[in-house]
Amino acid sequence: MYKPILQETDLVSSAIGAITRHIRENELAPGAKLPSELSLSQQLGVSRTVVREAFRSLSDMRLIDVSVGKRATVATLDHGAMSLMFEHGIHTEQINIQQIYDVRRTIEVRTVTLAALRRTDAEALTILDHANNMERDFGNSDRVMEHDLAFHLAVARASKNPVFELILGAFQNVTRQTWPIGWKSRKSDAQRHAATELHIAIGQAIAAGDPQTASTLMARHFDESVHALLAAGIA
């Protein structure tokens, strides 16, 4: 009774494999066009519906870009699929917030070390600008949060390892849900100012090319953030 459905699923999986092999074997770069649905259906001996479903699956995984009326193209890497996985894990209670922050702490202590060693002058200035803007916009918590998120991504970018930027970008949707709670759980504006000042100190250590101080301060930042979330009862 279910054999046709299983056969179509197998055909879609085979088509996905064929398309990804085509990308690898032809060394297609982001933005490069893939063969048309008609061409692929003829090459693979499957229906256009199967190819269309394969394209849809690859698009959902952010491996290709699909637009109506245009040929599918190879996608630039982004963190979208990984972000959905983390959010799903949180909402289904397969992972928790403290585990997310534990991984972030491990990664970001490393990224800040590399950033202090590898950053350009322009990147150091961008990182410091985000940190200073957290203090400048202190009265608007939404803006402070956006500067904070941008600060951490800028540090990851300055590490010169795109994998770190992808992973940290994938954590941002979860962070947007927990950040306001951690911010409010700090008992006073003095504690909130201390948090923004800590970001400035991290930025200054990166600008000074001081990886040891930068990593020590980043570890302290995450320890304090987890403490604030624990105080709010969500980590």
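Can you spot a residue in segment 88-96 that is within 19 Å of residue 196 (Cβ to Cβ), out of contact with any His (no Cβ under 6 Å at 6 or more places or on another chain) and either without any contact (Cβ under 8 Å) to a residue 40 or more places away in the chain or in a loop (DSSP other than H, G, I, E, B) (or both)? Talk me through it step by step, then tell me what you get.
Looking only at segment 88-96, we keep the residues that are within 19 Å of residue 196 (Cβ to Cβ), and these are none.
No - not one qualifying residue is present in segment 88-96.
Under 7 Å by Cβ, and 6 or more places apart or on different chains, what pairs join a residue from segment 141-163 that is over 22 Å from residue 120 (Cβ atoms) and without any contact (Cβ under 8 Å) to a residue 24 or more places away in the chain with one that is surrounded by fewer than 20 Cβ atoms within 10 Å (Cβ to Cβ) and not aliphatic (A, V, I, L, M)?
Going by the 7 Å Cβ cut-off, the qualifying pairs are 143/137.
Which of the numbered conditions does residue 176 fail, given that it passes all the others? Conditions: (1) among the charged types (D, E, K, R); (2) free of Cβ contacts under 8 Å to residues at least 40 places away in the same chain; (3) over 23 Å from residue 95 (Cα atoms).
Exception for residue 176: condition (3).
Scan segment 193-222 for residues that are in contact with an Asp or Glu (Cβ under 8 Å, 6 or more places away or on another chain) and among the charged types (D, E, K, R) and jot them down.
Listed by number, the list holds a single entry, 197.
If you go through segment 143-187, how many residues are more than 13 Å from the chain's Cα centre (by Cα) and of a type in the set (Asp, Glu)?
Count: 2.
Would you pick out the residues in segment 106-137 that are surrounded by fewer than 15 Cβ atoms within 10 Å (Cβ to Cβ) and farther than 16 Å from residue 207 by Cα?
106, 136
State all residues of segment 211-235 that are part of a loop (DSSP other than H, G, I, E, B) and either surrounded by 19 or more Cβ atoms within 10 Å (Cβ to Cβ) or in contact (Cβ under 8 Å) with a residue 40 or more places away in the chain (or both); if no residue qualifies, say none.
Residues of segment 211-235 part of a loop (DSSP other than H, G, I, E, B): 233-235.
Listed by number, the residues that qualify are 234, 235.
Taking segment 175-210 as the search range and keeping residues that are out of contact with any Lys or Arg (no Cβ under 7 Å at 6 or more places or on another chain) and not in a helix (DSSP H, G or I), which one is modelled with the lowest pLDDT?
Ranking the qualifying residues of segment 175-210, first place goes to 187.
Could you figure out which of (1) closer than 29 Å to residue 23 by Cβ; (2) out of contact with any strand residue (DSSP E or B) (no Cβ under 7 Å at 6 or more places or on another chain) isn't true of residue 176?
So residue 176 meets the others, but not (1).
Being surrounded by fewer than 17 Cβ atoms within 10 Å (Cβ to Cβ), modelled with pLDDT of 95 or more and more than 24 Å from residue 206 (Cβ to Cβ) narrows it down to one of 43, 94, so name that one. Give the derivation first.
Working: 43 fails: modelled with pLDDT of 95 or more.
None of the other options fit; the residue is 94.
List every residue pair whose Cβ atoms lie under 6 Å apart, where the two residues are 6 or more positions apart in sequence or sit on different chains, the first residue falls within segment 182-208 and is more than 12 Å from residue 138 (Cβ to Cβ), and the second residue, located anywhere, is of a type in the set (Lys, Arg).
186/192; 206/119
Are any residues in segment 52-90 closer than 21 Å to residue 164 by Cα and not aliphatic (A, V, I, L, M), and if so, which ones?
62, 76, 78, 79, 80, 83, 86, 87, 88, 89
Please verify whether residue 110 is within 17 Å of residue 212 (Cβ to Cβ), assigned by TED's automatic domain parsing to the domain that holds residue 162 and in contact with a Ser or Thr (Cβ under 7 Å, 6 or more places away or on another chain), treating the condition exactly as stated.
No, not satisfied.
Looking at (1) hydrophobic (A, V, I, L, M, F, W, C); (2) surrounded by fewer than 16 Cβ atoms within 10 Å (Cβ to Cβ); (3) part of a loop (DSSP other than H, G, I, E, B), which one does residue 38 not meet, given that it meets all the others?
(3)
The values are calculated or read from the model by the stated rules, or taken from the named source; none is laboratory data. Here the structure is a predicted model, which means the values were calculated and not measured. Every residue, glycine among them, receives a Cβ derived from its backbone with ideal geometry; neighbour counts consider all protein chains shown.
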